[in-house]
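Chemist: Submitted below is the structure of interest, expressed as C-alpha cells.
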Amino acid sequence: MRALEAINKYLEGDRGVLKKEKWLMFLALTDQKNINLEKIESLDEMDRHYSLRYVKRSLEVLEKYRAVLSEAQFKLVEDVLKWSEVSKAGMSHHREAWKKKGYALHIHNYASADIYRDAQTEDTEPYTQIVRQLIVHHGTIGQYIRGEVKRKDIDLKPIFHEVEKAGLGMDLHAFTEAMKVLNHAIIEASSKAIWESIKEDVYREIDDILLGSELKEPPLKERLRRLRKASIAHGEDFDAEYEKVAGHSVEKALSGLLDHAHTLWYVEAALSDFTLEEFIKILLFIANEAEGLEGVNHISFEKLMVDLYYQYKGKKRVNVYKKRIIEKYLSEQSIEDILSKKIKTNVHIKHQLNREHDTGHFVFLLSPAAQKLVEFGVEAEKSNIVYEKATVMLYDFFELRKDHYDRFNNEEKYLETMNKAIDYKKVILDYIKGHTVIDIGPGGGALMDLIERRYPEKKIMGVDISQNVIDALKRRKQLEKKSWDVKYSDALNLGEYFDKSQADTIIYCSILHEIYSYIEYEGRKFNFDTLKKALKSAFDILSVGGRIIIRDGIMTEPKEQYRRIKFLSSEGMEFLQRYVKDFKGREITYSVVGQNEVLMKINDAMEFLYTYTWGEDSYAHEVQEQFGYFTPSEYLAFIKDTLGDSAKVIELRHYLQEGYTLELAKKIEFFDEHRNKVNLPDSTCLIVIEKIKDV
C-alpha cells in the first residue's frame, strides 16, 4: 500500500491500517508536540498530529512526480519521507524503549534513522542502509543553505555508490533527480513560500554535490550570512554590522566553533530576532563552553527556541519580556571580555550549555524573580492600564527597557498607527524648502517616504530618541532601499548632533505634544520651557531662509466657551470618570447636566474626545499625552517670545482633522452650552516658521 493511501485510510477511520504500517502507527498514536516553532503562525497549531500532517503534505508533493519517476526512485523517496519524522512521535513506552537503546531523540533525523532500521528485517539490506543514510540526511540540504551544516556533511556521493552496488536501477542522473524530488517534498511540506524562494539554490547544490568535482566549504563570513538569512530578510544590514563586531580574534573563535560542531540546530528560529552583535556574543559563549565538551558534534538551540516563544493575541510571538532580560545580559558583556572568558554575572540570568549525548543544548536560565517578572508581563497584557503602568514600572526598576520610549509589544502597533495617519500630513510637503530635511520623531517613516517620493534629490534625515524606532527604521531602510537615513538625536539638543545651519527644513509632525508631555525638563513634564528648548535647538541648526514646519494639536479660543457632551451609552460616562482621574496633562473638570450628559470647557471636552475617539486600545498612552496646549494666538506669542525677530510665521492655520466627526458620531452628540447642536472645534494646526536672519 502506498504511504499516502495508508494515511488517508487512517484519517477516514480505518485504524486497522496501523497494524500493517508501523511508521504510521508511531505518527498517529502519540501525545508528542515536537514542532519547529518557526514553521507555525500560532501555538494553537501545536498538537499531537502535527508530524503526521507534515508527512502527509510531503507525500502529496511526491505524488505530483508519480508519472515522471521510476518505481525505484518513487519507492526510495517515499520510504525516506514516511519514516523521517517518527522520532518526533510514538507512545510513551515506545519513546522510553528508544531512549534505552541510546537513540538521540533530540536529533530527530538520527533517531528516526535508527527506528527505521529496527523495524526492518535482515533480508532488506543493503536497501535498509541506503534509506537509513538518506533519513540521516533528511533536510540537510536546506540546513546547508541556511548555514547550519558544513558542506562535507551533505555529501550524497557515498550514498549513490551504495545505490550502484545494490543494483537499484538508478544511474547518477536518476539518483540526482530523486534527491531533488526528496528535498522538494521536505521543504514544501514545511512552507511552499520557502520552497519557492530557495528551490533554485536547492537544485544547484544537489547538482554540485552529485555532478560536480569538489566540495568547498564557504568562508566564515558567508556561513554567518546564511545563518542570518531571516534577519537580513527583515532588514539587517549584515555587512555593515559585521564590520563593527568582527575581528581576527572573533573570527578565530567562531571558526573554531563551527569547525568543531558538525551541525547547528534551530539557529534561525531561536536567534533571528537578536542583533548580529548579540548573535555573535551567544556563539562566543558557546565557543568558550564547547572547548571542554569533547565529542559534542551538534549545537542545538531548540530549547531556547521553545522557551522564547509564547502566544500573543492569537499569534506566536517572541516573548519580549524574556528577550529584554537576555538583551540586558548580553549588553553587559563586551566581546573582548567574552573572548577572555571574563563573563559578568547577573543575579537574574545566566547562560548554559548542557550536554545530551553528542549534542550541546544552549539555554538562558532565569532566576525565580526574573521568571515571575516575565510571567507578570504576559499576564499584564490582558489589561491596557495594568500593562502600561505596572509593567513599565517594573521593567524600569530592573533597567530592562531599551530606553524610556520602549513600548515592548506595542511598538509595532505604534509605528503602524503613525504610518496610517499619513494622509492627513501630506500638506506638509508643500512647505518644504532647501536640500536637507530633518523629520523629528519620524515614527514608522511614512512622512519620510512621502518626502522622498516628492523630492528624491533632497537629503532626508529622521531623528529619534527611541532606540526601537531607530532600529525599526534602519531595518526598513535596508530592506526597502530607502534613500533617507535615521540618526539617534535628542530633540532638545540638536546642536550636539548637527552642525550650525546644516538643516534647511525641520519638521515636527505630531511630535511637539509628545515632547511636551513625555520629556521631563527642569524637574517636570508638561512644561512650556521644554517646547521653548526644542524650538531653539532646531532654530540653531536651521539655515537662514530655512523653515520649521509644525503640525500638531491646537486649542480653541476663546477658551472660556463651554460644550455639552451627550453620551449615547452609559459606558461613555464611565470612560470620562476614569479619564479625568488618569489624565496627566492638566486638571479636567465637568459637571453632570442630564442623563449621560455633561458640561465641560471647550478645550477640556476636546482633549477628552481625542482619547475617547480611539478607545481602550490607545487609552494607556493617550492619558499620558496632552494634544492641545496652545490656542492660535498663544502659539504666535510663544514663537515670538522664543525666537524673536529672527523668525517669521509665514503660515498659521487650523482645522478639524478628518475622522473625528465620523468616529464620534457613533458615540456622542455635541452641543453648545445652550444645547444647540454644533460642530466639533478645530483639532489640528499647521504652522510654518521661516528663519529670516541669524540670531
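Chemist: Filter the stretch 477-519 for residues that are among the small types (Gly, Ala, Ser) and more than 26 Å from the chain's Cα centre (by Cα) and give the result. Talk me through it step by step, then tell me what you get.
Modeler: First, the residues of the stretch 477-519 that are among the small types (Gly, Ala, Ser): 483, 489, 491, 495, 501, 503, 510, 517.
Of everything in the stretch 477-519, those that are among the small types (Gly, Ala, Ser) and more than 26 Å from the chain's Cα centre (by Cα) turn out to be 491, 495, 501, 503, 517.
Chemist: Can residue 231 be described as touching a residue at least 24 places away in the same chain (Cβ under 8 Å), of a type in the set (Gly, Ala, Ser) and either touching an Asp or Glu at 6+ places or on another chain (Cβ under 9 Å) or over 26 Å from residue 331 (Cβ atoms) (or both)?
Modeler: On the way: touching a residue at least 24 places away in the same chain (Cβ under 8 Å): yes; of a type in the set (Gly, Ala, Ser): yes; either touching an Asp or Glu at 6+ places or on another chain (Cβ under 9 Å) or over 26 Å from residue 331 (Cβ atoms) (or both): yes.
Against the criterion (touching a residue at least 24 places away in the same chain (Cβ under 8 Å), of a type in the set (Gly, Ala, Ser) and either touching an Asp or Glu at 6+ places or on another chain (Cβ under 9 Å) or over 26 Å from residue 331 (Cβ atoms) (or both)), residue 231 qualifies.
Chemist: Follow-up question, since we're still on this one. Would you check if there is a residue in the stretch 18-27 being of a type in the set (Asp, Glu) and modelled with pLDDT of 90 or more? Please lay out each step first, then the result.
Modeler: Of the stretch 18-27, the ones of a type in the set (Asp, Glu) are 21.
Filter once more, keeping what is modelled with pLDDT of 90 or more: 21.
Checked the stretch 18-27: at least one residue is of a type in the set (Asp, Glu) and modelled with pLDDT of 90 or more.
Chemist: Continuing with the same structure: Can you give me the number of residues within the stretch 649-667 that are aromatic (Phe, Trp, Tyr) and either within 13 Å of residue 614 (Cβ to Cβ) or crowded, with 16+ Cβ neighbours inside 10 Å (or both)?
Modeler: 1
Chemist: Taking the residues in the stretch 539-566 that are touching a Phe, Trp or Tyr at 6+ places or on another chain (Cβ under 8 Å) and among the hydrophobic types (A, V, I, L, M, F, W, C) as candidates, determine which candidate is farthest from residue 493 (Cα to Cα). Walk me through it before giving the result.
Modeler: Going residue by residue through the stretch 539-566, those that are touching a Phe, Trp or Tyr at 6+ places or on another chain (Cβ under 8 Å) are 541, 547-555, 563-566.
From what's left, among the hydrophobic types (A, V, I, L, M, F, W, C): 541, 548-550, 554-555, 565.
Details: 541: 10, 548: 16, 549: 18, 550: 18, 554: 25, 555: 27, 565: 42 Å.
Taking the candidates together, the pick is 565.
Chemist: Of all residues in the stretch 431-451, which are of a type in the set (D, E, K, R), outside any loop (DSSP other than H, G, I, E, B) and modelled with pLDDT of 95 or more? Steps first, answer last, please.
Modeler: The initial filter retains those residues of the stretch 431-451 that are of a type in the set (D, E, K, R), namely 433, 439, 449.
From what's left, outside any loop (DSSP other than H, G, I, E, B): 439, 449.
Of everything in the stretch 431-451, just one residue is of a type in the set (D, E, K, R), outside any loop (DSSP other than H, G, I, E, B) and modelled with pLDDT of 95 or more, namely 439.
Chemist: Determine whether the stretch 404-413 contains at least one residue that is surrounded by fewer than 18 Cβ atoms within 10 Å (Cβ to Cβ), at pLDDT below 85 and in a helix (DSSP H, G or I).
Modeler: Yes, the stretch 404-413 has at least one match.
Chemist: Let me ask you something else. Condition check: modelled with pLDDT of 90 or more, outside any loop (DSSP other than H, G, I, E, B) and either under 20 Å from residue 69 (Cβ atoms) or not assigned by TED's automatic domain parsing to the domain that holds residue 66 (or both). Does residue 207 satisfy that? Give the derivation first.
Modeler: Values: modelled with pLDDT of 90 or more: yes; outside any loop (DSSP other than H, G, I, E, B): yes; either under 20 Å from residue 69 (Cβ atoms) or not assigned by TED's automatic domain parsing to the domain that holds residue 66 (or both): yes.
Judged against the criteria, residue 207 is a match.
Chemist: If a residue has to be over 22 Å from residue 144 (Cβ atoms), part of a loop (DSSP other than H, G, I, E, B) and modelled with pLDDT of 90 or more to count, how many in the stretch 236-259 make the cut?
Modeler: Result for the stretch 236-259: 1.
Chemist: Which condition number does residue 560 fail, the rest of (1) touching a Cys at 6+ places or on another chain (Cβ under 6 Å); (2) in a loop (DSSP other than H, G, I, E, B) being met?
Modeler: (1)
Chemist: Here is a follow-up. Identify, please: which residue in the stretch 310-327 is buried (at least 20 other Cβ atoms within 10 Å of the Cβ) and among the β-branched types (Val, Ile, Thr) and is, among those, modelled with the lowest pLDDT?
Modeler: 320
Chemist: So residue 307 passes all but one of these: (1) surrounded by 20 or more Cβ atoms within 10 Å (Cβ to Cβ); (2) out of contact with any His (no Cβ under 8 Å at 6 or more places or on another chain). Which condition number does it fail?
Modeler: Among (1) surrounded by 20 or more Cβ atoms within 10 Å (Cβ to Cβ); (2) out of contact with any His (no Cβ under 8 Å at 6 or more places or on another chain), residue 307 violates only (1).
Each row is one residue, and each column tells you yes or no for (1) β-branched (Val, Ile, Thr); (2) in contact with a Leu (Cβ under 9 Å, 6 or more places away or on another chain); (3) in contact (Cβ under 8 Å) with a residue 60 or more places away in the chain.
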{"residue": "592", "(1), (2), (3)": "yes, yes, no"}
{"residue": "595", "(1), (2), (3)": "no, no, no"}
{"residue": "624", "(1), (2), (3)": "no, no, yes"}
{"residue": "636", "(1), (2), (3)": "no, yes, no"}
{"residue": "646", "(1), (2), (3)": "no, no, yes"}
{"residue": "654", "(1), (2), (3)": "no, yes, yes"}
{"residue": "673", "(1), (2), (3)": "no, yes, yes"}
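Chemist: Here is a check on your reading of the model: is residue 274 of a type outside the set (A, V, I, L, M), part of a helix (DSSP H, G or I) and within 28 Å of residue 350 (Cα to Cα)?
Modeler: Against the criterion (of a type outside the set (A, V, I, L, M), part of a helix (DSSP H, G or I) and within 28 Å of residue 350 (Cα to Cα)), residue 274 does not qualify.
Chemist: Hey, another quick one. Have a look at 280, 286 and point out the one that is outside the structural domain of residue 204 (by TED's automatic domain parsing), buried (at least 16 other Cβ atoms within 10 Å of the Cβ), of a type outside the set (Asp, Glu) and closer than 15 Å to residue 147 by Cα.
Modeler: Working: 286 fails: closer than 15 Å to residue 147 by Cα.
Among 280, 286, only 280 is outside the structural domain of residue 204 (by TED's automatic domain parsing), buried (at least 16 other Cβ atoms within 10 Å of the Cβ), of a type outside the set (Asp, Glu) and closer than 15 Å to residue 147 by Cα.
Chemist: Okay, next question. Please indicate, with yes or no, whether at least one residue in the stretch 207-219 is within 30 Å of the chain's Cα centre (by Cα) and free of Cβ contacts under 8 Å to residues at least 60 places away in the same chain.
Modeler: Within the stretch 207-219, one or more residues are within 30 Å of the chain's Cα centre (by Cα) and free of Cβ contacts under 8 Å to residues at least 60 places away in the same chain.
Chemist: Take the residues in the stretch 461-470 that are touching a residue at least 24 places away in the same chain (Cβ under 8 Å) and out of contact with any helix residue (DSSP H, G or I) (no Cβ under 6 Å at 6 or more places or on another chain); name whichever of them is surrounded by the most Cβ atoms within 10 Å (Cβ to Cβ). First the steps, then the outcome.
Modeler: Here is the first cut: in the stretch 461-470, the residues touching a residue at least 24 places away in the same chain (Cβ under 8 Å) are 461-469.
Imposing the further condition that a residue be out of contact with any helix residue (DSSP H, G or I) (no Cβ under 6 Å at 6 or more places or on another chain) reduces the set to 461, 463, 465-467, 469.
Values: 461: 22, 463: 22, 465: 19, 466: 21, 467: 15, 469: 27.
The extreme case among them is 469.
Chemist: Can you tell which of 220, 227, 284 is touching a strand residue (DSSP E or B) at 6+ places or on another chain (Cβ under 8 Å), farther than 21 Å from residue 104 by Cα, modelled with pLDDT of 90 or more and not β-branched (Val, Ile, Thr)?
Modeler: Numbers: 220 fails: touching a strand residue (DSSP E or B) at 6+ places or on another chain (Cβ under 8 Å); 284 fails: touching a strand residue (DSSP E or B) at 6+ places or on another chain (Cβ under 8 Å).
The conditions single out 227.
Chemist: Within the stretch 429-466, how many residues are of a type outside the set (Gly, Ala, Ser) and within 17 Å of residue 515 (Cβ to Cβ)?
Modeler: Going residue by residue through the stretch 429-466, those that are of a type outside the set (Gly, Ala, Ser) are 429-433, 435-440, 442, 447-461, 463-465.
Still in the running and within 17 Å of residue 515 (Cβ to Cβ): 438-440, 442, 447, 463-465.
The total comes to 8.
Chemist: State whether the residues of the stretch 673-683 include one that is within 28 Å of residue 504 (Cβ to Cβ), polar (S, T, N, Q) and surrounded by 15 or more Cβ atoms within 10 Å (Cβ to Cβ). Walk me through it before giving the result.
Modeler: As a first pass, look at the stretch 673-683 and keep what is within 28 Å of residue 504 (Cβ to Cβ): none.
Among the residues of the stretch 673-683, not one is within 28 Å of residue 504 (Cβ to Cβ), polar (S, T, N, Q) and surrounded by 15 or more Cβ atoms within 10 Å (Cβ to Cβ), which makes the answer no.
Chemist: Consider residue 127 carefully, then state whether it is among the aromatic types (Phe, Trp, Tyr), touching a residue at least 40 places away in the same chain (Cβ under 8 Å) and under 24 Å from residue 98 (Cβ atoms).
Modeler: Values: among the aromatic types (Phe, Trp, Tyr): yes; touching a residue at least 40 places away in the same chain (Cβ under 8 Å): yes; under 24 Å from residue 98 (Cβ atoms): yes.
In short, yes.
Chemist: List every residue pair whose Cβ atoms lie under 7 Å apart, where the two residues are 6 or more positions apart in sequence or sit on different chains, the first residue falls within the stretch 101-124 and is among the β-branched types (Val, Ile, Thr), and the second residue, located anywhere, is in a helix (DSSP H, G or I).
Modeler: Cβ pairs passing all conditions: 115/86; 115/87; 115/98.
Chemist: Would you call residue 299 more than 18 Å from the chain's Cα centre (by Cα), assigned to a strand (DSSP E or B) and crowded, with 20+ Cβ neighbours inside 10 Å? First the steps, then the outcome.
Modeler: On the way: more than 18 Å from the chain's Cα centre (by Cα): yes; assigned to a strand (DSSP E or B): yes; crowded, with 20+ Cβ neighbours inside 10 Å: yes.
It is true that residue 299 is more than 18 Å from the chain's Cα centre (by Cα), assigned to a strand (DSSP E or B) and crowded, with 20+ Cβ neighbours inside 10 Å.
The values are calculated or read from the model by the stated rules, or taken from the named source; none is laboratory data. Model, not experiment: these values are computed from the prediction. So basically every Cβ, Gly included, is an ideal-geometry build from the backbone, and we count neighbours across all protein chains shown.
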